[in-house]
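The values are calculated or read from the model by the stated rules, or taken from the named source; none is laboratory data. Since the model is a prediction, treat every value here as computed from it, not as a measurement. FYI the Cβ positions are ideal-geometry reconstructions off the backbone, even for glycines, and counts take in every protein chain you see. When the accessible area is computed, the model is the full protein with side chains, heavy atoms only, and any ligands, DNA or RNA have been set aside. Shrake-Rupley method; radii C 1.70, N 1.55, O 1.52, S 1.80 Å.
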Amino acid sequence: MYRPSPLAVVDSVAAPPAWPHPLVWRADTLPAAHHPVWPTGFAALDACLPGSGWPCGALTEVLQPAGQHLEWQLVLPALAHGLAQALSPGEQARQGWVLVGAPHVPHLQGLRARGLSAAHLASLVSVEAHEPVQRLWACEQALLSPSVAAVLAWLPHAPTQALRRLQQAAQRHGCVLWVFRPLSAQAHATPAVLRLHASAHTCPGWLEVGVLKRRGPPLAQPLQLPSPDLGLQATLAGARWLRAQHRQPSVGTQPTGHSLGHPPTHPTPALARPSTLPSSLFPSHHALAGTESFA
């Protein structure tokens, strides 16, 4: 019986394809983006993210310590840029953006000062929902709308199965989805493609952002990013100091650090004044039918 030599067997095997294959990425390198991204507005953060920006059609999770609201400072530069592209000629008309469960009513003048146009603000929808199941349902409905380009959702209580459902909805329709959760959620698994944690830096006017999960190698050290509201914070701190000079403490009471003119340590969120918001961009928002699917 004829038996081929080992050399003949080796010669008959096809040569492996050249590395790297375009559909394969190594875990020690950042993969190329196969989907659109929104630049974050921070060059240092873009350099650490696959595709150099916030991923479209994916869930991005931002964790924050209790009592800190840095989400607007982190996402507003990308939001202004992404919505401006959605309004450009030749692009699909996806100019709507939705807030679900925001802790404060947006201050529209403050948002406009940070780069959002009047057309952007006119397309804003804010959904006030207090129950977790209501927030999850409203978030999914917004992601399924063909008019919505981005969704910002505050979901302190969200099971992994519900987050996976939101990830699938964002992936089907190409929406940018930011979910803001407390830092305690870091102990739980997440289906998010990207997970960050943001906190106030010890130096006023700076943000500390760490990358907890991404496609690629882990990030050893958190990033120090300049706050886009640095000039606004200085103005507000000066105004608080001037008011404190004219404020006299009550007799027999110990003045606090704030009454002496020391501004708060953490940046002030760009959310304050109530305003009238337009009607919803997604259908069936008036009734929470089908919420039991998230229970």
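Among the numbered conditions (1) out of contact with any strand residue (DSSP E or B) (no Cβ under 8 Å at 6 or more places or on another chain); (2) touching a residue at least 60 places away in the same chain (Cβ under 8 Å), tell me where residue 121 comes up short.
(2)
Condition check: at pLDDT 60 or above, in contact with a Pro (Cβ under 6 Å, 6 or more places away or on another chain) and under 30 Å from residue 201 (Cα atoms). Does residue 30 satisfy that?
Details: at pLDDT 60 or above: yes; in contact with a Pro (Cβ under 6 Å, 6 or more places away or on another chain): yes; under 30 Å from residue 201 (Cα atoms): yes.
Answer is yes for this residue.
Given the structure, is residue 99 in contact with a strand residue (DSSP E or B) (Cβ under 8 Å, 6 or more places away or on another chain), open to solvent by less than 10 Å² (accessible area, probe 1.4 Å) and at pLDDT 90 or above? Don't jump to the end; show me each part of the working.
Numbers: in contact with a strand residue (DSSP E or B) (Cβ under 8 Å, 6 or more places away or on another chain): yes; open to solvent by less than 10 Å² (accessible area, probe 1.4 Å): yes; at pLDDT 90 or above: yes.
Yes, satisfied.
Quick check on segment 163-200: of everything there that is farther than 22 Å from residue 221 by Cα and among the polar types (S, T, N, Q), which residue is most open to solvent (accessible area, probe 1.4 Å)?
Step one: of segment 163-200, the residues farther than 22 Å from residue 221 by Cα are 163-179, 191.
Among the residues that remain, those that are also among the polar types (S, T, N, Q) are: 167-168, 171.
Working: 167: 21, 168: 91, 171: 117 Å².
My answer is 171.
Would you kindly identify the strands (runs of 3 or more DSSP E) lying entirely within segment 138-207 that contain at least 1 residues that are among the β-branched types (Val, Ile, Thr) and in contact with a strand residue (DSSP E or B) (Cβ under 9 Å, 6 or more places away or on another chain)? Give the steps one after another, and end with the answer.
Working: elements: 148-154, 176-182, 194-200.
Counting at least 1 such residues, we get 148-154, 176-182.
Can you tell me which residue is most open to solvent (accessible area, probe 1.4 Å) among those in segment 50-68 that are touching a strand residue (DSSP E or B) at 6+ places or on another chain (Cβ under 7 Å) and part of a loop (DSSP other than H, G, I, E, B)?
So the residue we want is 66.
Pull up segment 119-132, narrow it to residues that are over 13 Å from residue 149 (Cα atoms) and either in contact with a Leu (Cβ under 8 Å, 6 or more places away or on another chain) or aromatic (Phe, Trp, Tyr) (or both), then point me to the one that is surrounded by the fewest Cβ atoms within 10 Å (Cβ to Cβ). Don't jump to the end; show me each part of the working.
Going residue by residue through segment 119-132, those that are over 13 Å from residue 149 (Cα atoms) are 119, 121-122, 126-132.
Retained after the next criterion (residues that are either in contact with a Leu (Cβ under 8 Å, 6 or more places away or on another chain) or aromatic (Phe, Trp, Tyr) (or both)): 119, 121, 126-127, 132.
Values: 119: 12, 121: 18, 126: 17, 127: 22, 132: 18.
Per the stated criteria, the residue is 119.
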